[in-house]
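Working notes, structure below.
The values are calculated or read from the model by the stated rules, or taken from the named source; none is laboratory data. Nothing here was measured: the structure is a model prediction, and the numbers come from that model. Here the Cβ positions follow ideal geometry from the backbone for every residue, glycine too, while neighbour counts run over all protein chains shown. These area figures cover heavy atoms from the full protein model, side chains too; ligands, DNA and RNA do not enter into them. Shrake-Rupley method; radii C 1.70, N 1.55, O 1.52, S 1.80 Å.
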Amino acid sequence: AQSVTQLDSQVPVFEEAPVELRCNYSSSVSVYLFWYVQYPNQGLQLLLKYLSGSTLVESINGFEAEFNKSQTSFHLRKPSVHISDTAEYFCAVQGTFGNEKLTFGTGTRLTIIP
Amino acid sequence: DTGVSQDPRHKITKRGQNVTFRCDPISEHNRLYWYRQTLGQGPEFLTYFQNEAQLEKSRLLSDRFSAERPKGSFSTLEIQRTEQGDSAMYLCASSSKGAAGRSYNEQFFGPGTRLTVL
């Protein structure tokens with residue numbers, strides 16, 4: 001079984017400031033790791049994923065996340081946020097074999113302060 | 001094809017009534033998933049289909065819940081004798097079969113059906 005912990009339910013950040021959204025996971029098997037974003041009144045969208053290889057993965061809109069196996073973490077970072085980044089962010093895991101379902105954290109609501 | 005669609009987007013019902021939701025996946029996606037998201041929580045897995053076969057069901061899926069995917073295309077989720085605790089956003093996602101030897105497949109989510117049970 002897998003579990004995901006997102007300790008910060010809400011994170012307010014000033015525009016153009018950096019941000020880190022924390023994610024820790026627990027699993028007895030190897031996993032794939034994901035960050036999903038949910039903009040107001042929209043569905044979940046995949047932001048970035050870690051499958052294998054380089055532990056640092058990037059999205060097209062400036063977010064990055066680093067897989068740390070020893071810390072069982074997959075924190076999401078952005079060096080300079082914009083108003084348009086206001087959304088709810090969900091960390092998720094999926095077992096690498098024979099386990100189709102995604103297990104999500106409780107989400108972090110990112111609010112950008114102008 | 002613009003993505004996964006779900007109908008209705010909102011449903012308000014009285015306790016004890018039956019409700020049915022529909023999900024249309026992305027064309028040719030053979031895998032379809034249902035999740036439930038309650039306020040302040042992340043989505044929780046309910047069930048998934050590969051083609052028309054229901055391959056896994058969560059313990060969250062009580063006897064009052066039934067899901068079908070009769071022709072391997074769209075899917076329906078029915079809740080019988082609704083309870084106030086069933087109030088939630090019901091999300092559908094679809095994906096294609098991953099490469100041989102790997103289970104990774106990107107799941108594309110629909111906009112969800114928000115159910116309110118009065």
Taking only segment B:1-15 into account, find how many residues are in a strand (DSSP E or B) and open to solvent by 30 Å² or more (accessible area, probe 1.4 Å). 5
Tell me, which residue of segment A:26-46 that is among the polar types (S, T, N, Q) and over 23 Å from A:SER70 (Cα atoms) is surrounded by the fewest Cβ atoms within 10 Å (Cβ to Cβ)? A:ASN41
For B:GLN41, all conditions in the list (1) within 20 Å of A:PHE104 (Cα to Cα); (2) open to solvent by less than 20 Å² (accessible area, probe 1.4 Å); (3) over 13 Å from the mean Cα position of the chain (by Cα) hold save one; what is the number of the exception? (2)
On the phi < 0 side of the Ramachandran plot, touching an Asp or Glu at 6+ places or on another chain (Cβ under 7 Å) and open to solvent by less than 50 Å² (accessible area, probe 1.4 Å), is that true of A:LEU102? no
Residues of segment A:20-31 being within 25 Å of B:GLY40 (Cβ to Cβ) and over 12 Å from the mean Cα position of the chain (by Cα), in sequence order, are A:SER26, A:SER27, A:VAL31
Inside segment B:59-118, the number of residues satisfying the requirement of being open to solvent by less than 20 Å² (accessible area, probe 1.4 Å), away from chain A (no Cβ under 14 Å) and polar (S, T, N, Q) is 2
Hey, does segment A:3-10 have a residue that's in contact with a Leu (Cβ under 7 Å, 6 or more places away or on another chain) and open to solvent by 20 Å² or more (accessible area, probe 1.4 Å)? yes
Which of the numbered conditions does B:TYR48 fail, given that it passes all the others? Conditions: (1) over 21 Å from A:VAL31 (Cα atoms); (2) open to solvent by less than 50 Å² (accessible area, probe 1.4 Å). (1)
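Out of everything in segment A:95-114 that is away from chain B (no Cβ under 14 Å) and in a strand (DSSP E or B), what residue ends up being farthest from B:ALA93 (Cα to Cα)?
Going residue by residue through segment A:95-114, those that are away from chain B (no Cβ under 14 Å) are A:110-114.
In the following step, the residues that additionally are in a strand (DSSP E or B) were identified as A:110-113.
Values: A:LEU110: 24, A:THR111: 26, A:ILE112: 29, A:ILE113: 32 Å.
The extreme case among them is A:ILE113.
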Is there a residue being on the phi > 0 side of the Ramachandran plot and at pLDDT 90 or above anywhere in segment B:56-78? no
